[in-house]
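First the structure, in the form of structure tokens, and then the observations on it.
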């Protein structure tokens, strides 16, 4: 009799599991179908990119983007939408940058450059000096002040093509952009130019944030990126003529911090409203393009997640919150303000998911979490198989949500195919016409599926 009872319970358990599995499969199918047939992310991005454009922190366009996002989120009939004030840096590019290579007096070749975010300007008449080329940061110490003082340092370290993951290649090369000026200044350099972080050979220089660290104002030197084609040209010309000179002129300027806002909205949980599942992206962008991939795509995908989860009167167990962060590109002040608020309010975050790898085909997610929770997530992989989502790895999350480390069970980042991302990243090439509608929508649906599973199944 006891054996029969056990078997009955086992059968009931299997049946219930099968029913739950079927319900989850159907719900995820609904999310993908809606995103791909009636999605709003592409039209939202069209307006954000083409009607507002580049959204550098502290700019008028950044203010316009905040207003737009707040209005669109209010139109979704969410439980609450609000703005979180935050002070952000204000850096202005000024007039267009100019540079040339002088092989001999009067013989010059114009090259494409752009100032690094946060850089100081050159003198109004520009700078002209001899060039010393380095491939690695360590080369500075090997050359020493004797060979660097009074010269322009040319950082020509490439993103290594043997690294299949573009973000791994980027991480290995980004130090020359971020700290190159500060380090070169210690050896008496008067400016730095940095090879753009781009696999492709083209004429588009790529900006990005740089830092002077603790360097005094009077020791800071101008920093600019040079396109990959012109980096190759300069390198080859230096081989033939080490005494050539480089001219650079830029008029960028740093201003006092100004007030900006994180845009926040949520659907209140029906069972455990105190538990928060966050999905987010950064609303700011650089000013050269219109920020479609970085990170307009993530913004509209995050908004779309909330819209998708409102379908068919779905009510989440936990609170689902979208956060559109201010100032990711040159300060992370939006993320810092949000993280501080979380600590003050003692809020509990189950999942914090970020989209900041462009609107390309989604491949999966990376996670920063304990093995216990990661193993639970791995048990969900079969739900994603019909949608060709396969990448589940413990390999970080995103710059904004990373600041919630210690206050969230699971940090995660959407991972897209990275092969084309750095063609557009921080450049004039980051425009709406480079967005594939279907790839963008697949990313939104994939994020919604992870949020749905996290809400319904939990991590315990």
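The values are calculated or read from the model by the stated rules, or taken from the named source; none is laboratory data. Predicted, not measured: the structure shown is a model, and the values here were computed from it. A quick note on method: Cβ atoms are made from the backbone with ideal geometry, for glycine too, and the neighbour counts reach across all protein chains shown.
Odds and ends about this structure:
- For the range 344-361, the condition holds for at least one residue, the condition being that it is surrounded by fewer than 20 Cβ atoms within 10 Å (Cβ to Cβ), over 21 Å from the mean Cα position of the chain (by Cα), in the same structural domain as residue 62 (by TED's automatic domain parsing) and in a helix (DSSP H, G or I).
- Candidate set from the range 394-411 (those that are touching a helix residue (DSSP H, G or I) at 6+ places or on another chain (Cβ under 7 Å) and either assigned by TED's automatic domain parsing to the domain that holds residue 171 or part of a strand (DSSP E or B) (or both)); member that is nearest to residue 378 (Cα to Cα): 410
Quick grid of which residues meet (1) modelled with pLDDT under 95; (2) touching a strand residue (DSSP E or B) at 6+ places or on another chain (Cβ under 8 Å); (3) in a helix (DSSP H, G or I):
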| position | (1), (2), (3) |
| --- | --- |
| 423 | no, no, yes |
| 426 | no, no, no |
| 429 | no, no, no |
| 438 | no, no, yes |
| 446 | no, yes, yes |
| 449 | no, no, yes |
| 452 | no, no, yes |
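- The condition of being closer than 20 Å to residue 266 by Cα and touching a residue at least 12 places away in the same chain (Cβ under 8 Å) holds for only one of 334, 398, 364, that being 334.
- Single unsatisfied condition, residue 364 versus (1) in contact with a strand residue (DSSP E or B) (Cβ under 9 Å, 6 or more places away or on another chain); (2) on the phi < 0 side of the Ramachandran plot: (2)
- Residue tally, condition touching a strand residue (DSSP E or B) at 6+ places or on another chain (Cβ under 8 Å) and in contact (Cβ under 8 Å) with a residue 60 or more places away in the chain, over the range 298-322: 14
Yes/no matrix, rows are residues, columns are (1) surrounded by fewer than 21 Cβ atoms within 10 Å (Cβ to Cβ); (2) in a helix (DSSP H, G or I); (3) outside the structural domain of residue 290 (by TED's automatic domain parsing):
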| site | (1), (2), (3) |
| --- | --- |
| 161 | yes, no, yes |
| 176 | no, yes, yes |
| 207 | no, no, yes |
| 215 | yes, no, yes |
| 221 | no, no, yes |
| 260 | no, no, no |
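Yes/no per residue for (1) in contact with a helix residue (DSSP H, G or I) (Cβ under 7 Å, 6 or more places away or on another chain); (2) over 24 Å from residue 333 (Cα atoms); (3) not in a helix (DSSP H, G or I):
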residue: 61; (1), (2), (3): yes, no, no
residue: 71; (1), (2), (3): no, no, no
residue: 82; (1), (2), (3): no, no, yes
residue: 85; (1), (2), (3): no, no, yes
residue: 102; (1), (2), (3): no, yes, yes
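- Condition broken by residue 383, with the remaining ones in (1) in contact (Cβ under 8 Å) with a residue 60 or more places away in the chain; (2) touching a strand residue (DSSP E or B) at 6+ places or on another chain (Cβ under 8 Å) satisfied: (2)
- Qualifying position, being within 23 Å of the chain's Cα centre (by Cα) and buried (at least 20 other Cβ atoms within 10 Å of the Cβ), among 85, 62: 62
- Residue in the range 128-136 that is in a loop (DSSP other than H, G, I, E, B), touching a helix residue (DSSP H, G or I) at 6+ places or on another chain (Cβ under 6 Å), more than 19 Å from residue 421 (Cβ to Cβ) and assigned by TED's automatic domain parsing to the domain that holds residue 197 present: no
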